[in-house]
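Since the structure comes first, as structure tokens, the remarks are kept for the end.
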Amino acid sequence: MNPSLTDGINLLSKLTTQRAWNAARVIGSYGISKLTKKAAHRGLPISISLEPTTACNLRCPECPSGLRSFTRPTGMLPDELFRKTIDELHATLLYLTFYFQGEPYLHPHFLDLVRYASARGIYTATSTNAHFLHDQNARRTVESGLDRLVISIDGTTQEAYQAYRVGGELAKVIEGTRNVIRWKKQLGSRTPHVVFQFLVVRPNEHQVEGVRKLAKELGVDAVRLKTAQIYDYERGSPLMPTVEAYSRYRAHPDGTYSLKNRLLNHCWKMWHSCVITWDGKVVPCCFDKDAHYQLGDRQKQTFAEVWRGEAYARFRQTLVNARAEVDMCRNCTEGTKVWG
């Protein structure tokens with residue numbers, strides 16, 4: 001069977017009656033909000049992202065973790081906070097991403113957290129630079145029940161790879177990938193669904209077909225091409241691809257650049273998902289990397305209190321009134337990713 005079809009069936013298998021009803025309520029309230037311009041909301045999130053840690057072993061440009069440029073503290077997600085969140089949401093939560101900033105495998109109990117969520121029938125996913133997928137971790141990854149493993153591989157040669165993944169070793173990424181795929185076969189497991197994520201930047205744009213070939217040789221299930229977010233994009237950047245199809249930004253004759261997509265006054269993410277930082281801050285989405293728009297604190301509030309609270313209601317209403325008033329939204333590329 002096609003690996004993507006198998007993954008889709010696996011995801012659908014997590015859809016209980018309660019989760020389906022919750023999703024229907026969320027989708028319905030989102031549609032009503034778009035039509036009426038009044039931020040109505042029903043239900044609980046369909047998916048959330050939980051940040052295992054902000055720590056990272058690499059120094060990627062355009063990444064707060066890599067640049068060590070956070071104003072918020074670096075730390076590890078406490079086990080108790082994680083379990084409390086899952087216990088509160090598991091009945092309605094369909095999809096859980098173990099990622100925001102940092103490298104998840106640096107968390108000492110990361111795979112135990114995955115196992116805890118997987119045991120409650122939640123579809124679990126993570127994104128990694130694959131430098132810690134040694135043989136033991138690879139086996140534990142498969143045994144944890146992780147459903148999707150996104151491996152960042154931004155080049156098929158060391159020279160191209162390290163242009164963005166500063167401090168990284170392509171050989172370790174390939175070795176880690178082989179380890180996971182070997183253990184999937186040995187344990188007779190269909191999961192995790194292994195995805196190569198290729199961040200297309202100028203130094204590696206000529207290797208797009210090469211990464212597809214490498215993925216096939218290794219037995220990787222899918223390849224996803226991703227466009228790069230550039231913080232100061234107006235005057236261009238050496239990282240911007242020359243092939244516009246691979247860029248989030250459009251070049252103009254005067255040498256300036258602008259975002260390709262229109263800034264519409266609504267956002268699906270504010271209705272169906274959120275991000276929780278390692279220390280329990282609830283923020284709107286993955287574009288709020290430094291947690292400037294804190295909508296609640298899981299250390300002090302239940303999730304329902306945050307999700308249905310006044311701060312969230314005001315933020316959603318701002319989005320349907322004038323999304324451009326929110327700084328991070330002005331560089332938001334939701335819907336502009338390139339998929340392979």
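The values are calculated or read from the model by the stated rules, or taken from the named source; none is laboratory data. These figures come from a predicted structure and were not determined experimentally. Please note: Cβ atoms are built from the backbone with ideal geometry, for glycine as well, and neighbour counts cover all protein chains shown. With ligands, DNA and RNA removed, areas are computed over all heavy atoms of the protein, side chains included. Shrake-Rupley method; radii C 1.70, N 1.55, O 1.52, S 1.80 Å.
Structure summary
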| item | result |
| --- | --- |
| Neighbours by Cβ (under 9 Å, 6+ apart or cross-chain): first from region 266-289, free of Cβ contacts under 8 Å to residues at least 12 places away in the same chain and at positive phi; second surrounded by fewer than 24 Cβ atoms within 10 Å (Cβ to Cβ) and part of a strand (DSSP E or B) | none |
| Residue within region 302-323 that is assigned to a loop (DSSP other than H, G, I, E, B), farther than 30 Å from PRO108 by Cβ and modelled with pLDDT of 80 or more present | yes |
| Filtered residues of region 9-30 (kept if open to solvent by less than 30 Å² (accessible area, probe 1.4 Å) and either among the small types (Gly, Ala, Ser) or over 30 Å from VAL320 (Cβ atoms) (or both)) | ALA23, SER29 |
| Condition check for ARG250: open to solvent by 70 Å² or more (accessible area, probe 1.4 Å), part of a strand (DSSP E or B) and on the phi < 0 side of the Ramachandran plot | yes |
| Residue match in region 228-246 (condition: in contact with a Phe, Trp or Tyr (Cβ under 7 Å, 6 or more places away or on another chain) and in a helix (DSSP H, G or I)) | no |
| Single match in ASP279, ASP297, ASP290 (criterion: open to solvent by less than 60 Å² (accessible area, probe 1.4 Å), among the acidic types (Asp, Glu) and touching a helix residue (DSSP H, G or I) at 6+ places or on another chain (Cβ under 7 Å)) | ASP290 |
| Output for region 271-283, where each listed residue is touching a Ser or Thr at 6+ places or on another chain (Cβ under 9 Å) and either under 20 Å from ARG25 (Cβ atoms) or hydroxyl-bearing (Ser, Thr, Tyr) (or both) | TRP271, HIS272, SER273, CYS274, THR277 |
| Among residues of region 256-301, those that are within 21 Å of the chain's Cα centre (by Cα), assigned to a strand (DSSP E or B) and farther than 12 Å from GLU51 by Cβ, counted | 4 |
| Given (1) more than 30 Å from GLY236 (Cα to Cα); (2) hydroxyl-bearing (Ser, Thr, Tyr); (3) more than 16 Å from the chain's Cα centre (by Cα), number of the condition THR71 does not satisfy | (1) |
| VAL243 more than 13 Å from THR156 (Cα to Cα), modelled with pLDDT of 95 or more and among the β-branched types (Val, Ile, Thr) | no |
| Residue match in region 12-19 (condition: in contact with a Gly (Cβ under 8 Å, 6 or more places away or on another chain), more than 29 Å from VAL173 (Cβ to Cβ) and of a type outside the set (Asp, Glu)) | yes |
| Breaking point among (1) assigned to a loop (DSSP other than H, G, I, E, B); (2) buried (at least 17 other Cβ atoms within 10 Å of the Cβ); (3) free of Cβ contacts under 8 Å to residues at least 60 places away in the same chain, for THR74 | (2) |
| Filter result (within 18 Å of PHE303 (Cβ to Cβ) and among the charged types (D, E, K, R)) within region 3-58 | ARG19, ARG25, ARG42, GLU51 |
| Answer from THR85, THR92, THR36 - the residue that is closer than 24 Å to CYS267 by Cβ and touching a helix residue (DSSP H, G or I) at 6+ places or on another chain (Cβ under 6 Å) | THR92 |
| Those residues of region 85-106 which are buried (at least 23 other Cβ atoms within 10 Å of the Cβ) and farther than 22 Å from ASN10 by Cα, in sequence order | PHE100, GLN101, GLY102, GLU103, PRO104, TYR105 |
| All helices (runs of 4 or more DSSP H) inside region 114-223 with 1 or more residues being surrounded by 23 or more Cβ atoms within 10 Å (Cβ to Cβ) and of a type in the set (S, T, N, Q) | 135-144, 170-187 |
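A quick yes/no check of all residues on (1) under 23 Å from LEU149 (Cα atoms); (2) outside any loop (DSSP other than H, G, I, E, B); (3) in contact (Cβ under 8 Å) with a residue 60 or more places away in the chain:
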site	(1), (2), (3)
THR6	yes, yes, yes
ILE9	yes, yes, no
TRP21	no, yes, no
VAL26	no, yes, yes
LEU35	no, yes, no
LEU44	no, no, yes
SER49	yes, yes, yes
